[in-house]
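The structure appears right after this line, and notes come after that.
The values are calculated or read from the model by the stated rules, or taken from the named source; none is laboratory data. The shown structure was predicted, so the numbers you read here are calculated from the model rather than taken from an experiment. Virtual Cβ from ideal backbone geometry, glycine too; neighbours counted across all protein chains shown. Ligands, DNA and RNA are stripped out before the accessible areas are found, and what is left, the full protein with its side chains, is counted by its heavy atoms. Shrake-Rupley method; radii C 1.70, N 1.55, O 1.52, S 1.80 Å.
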Amino acid sequence: MDCILDLWPQRKLKMNSKQGILNFAVLASGRGSNLQAIIKAIKSGKIKAYLKVVISDKKEAYALEHAKQAGIPALYINPKDFHDREAFDRAVVERLHEFKIDFVVLAGYMRLLGSYFIRQYPDKILNIHPSLLPAFKGLHAMEDAFNYGVKVTGPTVHFVIDGMDEGPIILQEPVTVGPHDTFESLKEKIHQAEHRIYPEAIDLFVRGCLKVEGRKVKLFS
Ligand code: GRF
């Protein structure tokens, strides 16, 4: 717990919960294995923050099921109910405000956040991407890296800014592509690495151990 006092004032983090613990939300569109890893880290005490709500833009997202099983409010918001992206983003932000969310974690959220959303949570939105950024941005990063023939790839946790997969990098973990790796085996290794670094990055954020300086994120411990 060493970093907090030094860095929180500078980050201008306003804590919403009375107990002095940050509230956060996870936004997810898919199977939710990163969400599961995050819930596990909360249960084991590694992440000391309240996961107040999980929101999905996909009704069938299994992430919603994981949330329900853990007793966390799980909301589906249908993008088709809104006339454009910003209207949808505004509806999501409204729910985040209702839940007094301090920071947001994207875990397989398949929508680009617009600038309105990002302005609401500057340096307070984290994302995980399954390649070593800035290589292989975009939706098919794992396939693209595998097909390109890279020998090393791996996930990146970064802050979200306007610009897809472009925010300052918090953590990365290299994953070796062995001669016998198939796309499936590589995918599994990348997911395992994701489940290690995402809880770790969230823990660093929560403890106020991350300092953003331009493109660079300084890590304290
Ligand atoms: C992960 O590979 C993550 O890097 C990407 O979307 C995937 C989500 O997987 N952004 P899951 O839903 O957490 O299992």
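Excluding ligands, DNA and RNA, the accessible surface per residue across the chain is 50 Å² with a 1.4 Å probe.
For Val217, nonlocal amide neighbours, meaning residues 5 or more places apart or on other chains whose placed amide H falls under 5 Å from its own, are Ile169. Taking square-rooted eigenvalues a ≥ b ≥ c of the alpha carbon gyration tensor, is segment 21-219 rounded, prolate or oblate, where a/c under 1.5 means rounded and, failing that, a/b exceeding b/c means prolate? Note, shape of segment 21-219 comes out rounded. Of interest is the spacing of the C-alpha centroids, which for segment 47-75 and segment 111-141 amounts to 20 Å. A simple rule links phi to the HN-Hα coupling: the Karplus curve 6.51 cos²θ - 1.76 cosθ + 1.60 with θ = phi - 60°, which for segment 115-126 gives 5, 4, 4, 5, 5, 5, 9, x, 6, 10, 10, 10 Hz, with x for Gly and Pro.
The amide H of Leu51, built 1.01 Å from its N in the peptide plane, has Phe24 as neighbours under 5 Å, considering only residues 5 or more places off or on other chains. Kirkwood's formula applied to the C-alpha pairs of segment 118-221 gives a hydrodynamic radius of 14.1 angstrom.
Across segment 152-165, coupling constants 3J(HN,Hα) worked out from phi with the 6.51/-1.76/1.60 Karplus curve, θ = phi - 60°, read 9, 9, x, x, 10, 9, 9, 6, 9, 10, 5, x, 5, 6 Hz, and Gly and Pro carry x. Of all DSSP beta bridges located in the chain, what percent are antiparallel, nearest 5? Roughly 45 percent of the beta bridges in the chain run antiparallel, per DSSP.
When the solvent-accessible area of segment 21-219 is split by element, carbon and sulfur atoms take up 53 percent of it, the probe being 1.4 Å.
Structural descriptor for the chain: relative contact order 21 percent, calculated from alpha carbon pairs under 8 angstrom and at least 6 residues apart.
Are there DSSP H segments in the chain that both extend 30 Å or more along their axis (alpha-carbon positions) and score a mean Kyte-Doolittle hydropathy of at least -0.5? List them, or say none.
On the way: long enough: 183-206 (34 Å, -0.37).
In the chain, the long hydrophobic H runs are 183-206.
Computed from the C-beta positions of Asp84 and Arg215 and an R0 of 35 Å, the FRET efficiency is 0.70 to the nearest 0.05.
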